[in-house]
Amino acid sequence: MSKYYFTSESVTEGHPDKICDQISDAVLDAVLKDDPEGACCCEVYTTTGLVVVGGEITTTTYVDIQKIVRDTLKDIGYTNADYGIDYKSCSVLNAIHEQSTDIAQGEKTDIGTHKAQGAGDQGIMMGYACTETPELMPLPIMLAHKLARRLAEVRKDGTLKYLRPDGKSQVTVEYEDGKPIGVEAVVIAAQHDPDVEYEQLRKDIIEHVIKPVCGDYLSENTKFLINETGKFVVGGPQGDTGMTGRKIIVDTYGGMGRHGGGAFSGKVPNKQDRSGAYMARYIAKNVVAAKLADKCEVQLAYAIGYPEPVSVHVTTFGTGKTDDETIEAAIKKVFDMTPAGIIKTFDLKRPIYKQTSVYGHFGREEFAWEKTDQIDQLSALI
């Protein structure tokens with residue numbers, strides 16, 4: 001019998017990096033709403049009282065950057081300068097320019113080297129799935145996301161009125177023979193008003209946040225580590241600068257399964273960093289849902305301007321019901337992994353992205369890449 005521990009973290013929508021991810025994806029949604037063929041790669045930086053929006057956008061529609069930034073901050077809850085930034089009074093700098101014509105050429109079907117739509121960039125994308133949760137996701141990251149979301153819920157619904165928007169969660173899960181059996185430790189950092197007593201905050205977080213989310217996995221030995229410095233008043237962009245794309249492990253699988261390195265938010269679906277990762281997750285989830293393996297990791301690789309993946313790699317970590325090569329061959333027959341095929345499969349040229357930018361891009365039924373509609377097709381080829 002072997003035991004080990006695995007830890008994953010998440011962050012709330014008020015975390016400085018997640019502020020940036022949400023603004024980036026809100027800009028992308030604004031482009032796609034009226035111009036589905038628009039090109040967008042939007043990056044955001046924030047610090048005390050300041051948001052800088054940059055990147056490359058080519059579109060036929062008008063995007064009101066000022067309004068998007070301020071509306072996003074307001075929705076998150078940054079309505080008071082004491083919180084680190086205020087939607088009404090912060091400075092917003094716009095440093096956006098047009099997309100490179102050289103890159104655009106490779107993505108178009110009429111003027112590129114290849115007549116089919118080419119990938120928007122080179123790179124590797126990873127997808128992962130396992131049987132640990134109903135969502136076919138690793139348990140540590142799913143609990144961490146639910147804790148972070150719960151922190152926002154109790155703040156916004158008034159259950160814990162003294163909470164502020166910034167926050168982080170972390171969960172350590174104990175495994176026995178590869179199966180999760182309980183939660184060893186829960187770490188919470190929750191920004192709060194200066195007048196709340198630490199012991200009251202600690203008690204409230206345990207009762208209203210941790211127990212509702214982790215109850216079935218808790219034991220008398222579970223450690224609760226909450227605001228361990230004793231105070232978390234200064235937060236948001238005042239406590240730490242934020243940038244788009246700095247939470248790529250939070251966005252994916254919490255460190256379980258590998259990561260290709262590319263961030264998601266602010267990128268139009270032509271960019272394989274995003275859409276390729278969605279396809280890799282879709283493939284891995286369907287393999288596990290079809291009971292072909294208990295764990296599956298898929299790697300896709302692309303070349304800029306080239307329409308087909310340059311490689312497809314599958315591993316089931318010894319849990320496959322057949323060899324990995326057979327599963328890989330079936331995948332290649334069932335799934336269209338070209339850039340155009342991915343966009344069509346998930347209908348990606350829609351304004352759906354702001355909702356992906358917090359609490360994970362995977363394990364959520366509202367997203368098309370979470371469908372398990374290829375089970376029969378895969379099974380028939382094994």
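The values are calculated or read from the model by the stated rules, or taken from the named source; none is laboratory data. Since we're looking at a predicted model, the values are computed, not measured. Quick reminder, even Gly has a Cβ in these numbers, built from the backbone with ideal geometry, and neighbours come from all protein chains shown.
From the list Arg258, Arg281, Arg246, pick out the single residue that is basic (Lys, Arg), over 21 Å from Tyr78 (Cβ atoms), touching a residue at least 24 places away in the same chain (Cβ under 8 Å) and not in a helix (DSSP H, G or I).
Just one listed residue meets the conditions, Arg258.
Do we have any residue at all in the stretch 107-120 that's of a type outside the set (S, T, N, Q), touching a Lys or Arg at 6+ places or on another chain (Cβ under 7 Å) and modelled with pLDDT of 95 or more?
Within the stretch 107-120, none of the residues are of a type outside the set (S, T, N, Q), touching a Lys or Arg at 6+ places or on another chain (Cβ under 7 Å) and modelled with pLDDT of 95 or more.
Looking at (1) at pLDDT below 95; (2) closer than 30 Å to Leu147 by Cα, which one does Ile382 not meet, given that it meets all the others?
(2)
Identify, please: which residue in the stretch 183-219 is surrounded by fewer than 16 Cβ atoms within 10 Å (Cβ to Cβ) and among the small types (Gly, Ala, Ser) and is, among those, farthest from the chain's Cα centre (by Cα)?
Going through the qualifying residues, I end up with Ser219.
Hey, among the residues in the stretch 349-378 that are among the hydroxyl-bearing types (Ser, Thr, Tyr) and assigned to a loop (DSSP other than H, G, I, E, B), which one's nearest to Leu139 (Cα to Cα)?
Out of the qualifying residues, it is Tyr359.
When you go through Leu136, Leu147, Leu163 one by one, which is the residue that is closer than 21 Å to Asp82 by Cα and at pLDDT 95 or above?
Within the list Leu136, Leu147, Leu163, the selection yields Leu163.
Each row is one residue, and each column tells you yes or no for (1) surrounded by fewer than 24 Cβ atoms within 10 Å (Cβ to Cβ); (2) at pLDDT 95 or above.
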residue: Arg258; (1), (2): yes, no
residue: Gly266; (1), (2): no, yes
residue: Ala290; (1), (2): yes, yes
residue: Ala293; (1), (2): no, yes
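Counting only residues that are surrounded by fewer than 22 Cβ atoms within 10 Å (Cβ to Cβ) and in contact (Cβ under 8 Å) with a residue 40 or more places away in the chain, which one in the stretch 133-145 is nearest to Glu174 (Cα to Cα)?
Applying the filter and picking the extreme gives Thr133.
In the stretch 316-348, which residues are surrounded by 17 or more Cβ atoms within 10 Å (Cβ to Cβ) and part of a loop (DSSP other than H, G, I, E, B)?
Thr316, Gly320, Phe335, Met337, Thr338, Leu348, listed by residue number.
So which residues in the stretch 183-234 are within 30 Å of Thr48 (Cβ to Cβ) and of a type in the set (Gly, Ala, Ser), if there are any at all?
Within the stretch 183-234, Ala189, Ala190, Gly230 qualify.
Which ranges mark the strands (runs of 3 or more DSSP E) fully within the stretch 1-100 that have 3 or more residues being in contact (Cβ under 8 Å) with a residue 24 or more places away in the chain, within 24 Å of Thr356 (Cβ to Cβ) and not hydrophobic (A, V, I, L, M, F, W, C)?
Hits in the stretch 1-100: 3-11, 39-47, 50-58.
Under 6 Å between Cβ atoms, at least 6 apart or on separate chains: pull out the pairs that start in the stretch 261-274 with a residue that is over 18 Å from Thr58 (Cβ atoms) and end on any residue that is of a type in the set (Ser, Thr, Tyr) and part of a loop (DSSP other than H, G, I, E, B).
Ser265/Thr244
Quick grid of which residues meet (1) buried (at least 16 other Cβ atoms within 10 Å of the Cβ); (2) in contact (Cβ under 8 Å) with a residue 40 or more places away in the chain; (3) assigned to a loop (DSSP other than H, G, I, E, B); (4) not aromatic (Phe, Trp, Tyr):
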residue	(1), (2), (3), (4)
Pro180	yes, yes, no, yes
Lys231	no, no, yes, yes
Val250	yes, yes, no, yes
Gly254	yes, yes, yes, yes
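Hey, any hits in the stretch 123-131 for a residue that's farther than 24 Å from Cys296 by Cα, among the polar types (S, T, N, Q), surrounded by fewer than 20 Cβ atoms within 10 Å (Cβ to Cβ) and modelled with pLDDT of 95 or more?
No: the stretch 123-131 contains no residue that is farther than 24 Å from Cys296 by Cα, among the polar types (S, T, N, Q), surrounded by fewer than 20 Cβ atoms within 10 Å (Cβ to Cβ) and modelled with pLDDT of 95 or more.
Looking at the stretch 142-196 only, could you name the residues that are β-branched (Val, Ile, Thr) and either more than 23 Å from Asp216 (Cα to Cα) or in contact with a strand residue (DSSP E or B) (Cβ under 9 Å, 6 or more places away or on another chain) (or both)?
Val154, Val171, Thr172, Val173, Ile181, Val183, Val186, Val187, Ile188, Val196
Confirm whether Thr159 is among the hydroxyl-bearing types (Ser, Thr, Tyr), in contact with a helix residue (DSSP H, G or I) (Cβ under 8 Å, 6 or more places away or on another chain) and part of a loop (DSSP other than H, G, I, E, B).
Judged against the criteria, Thr159 is a match.
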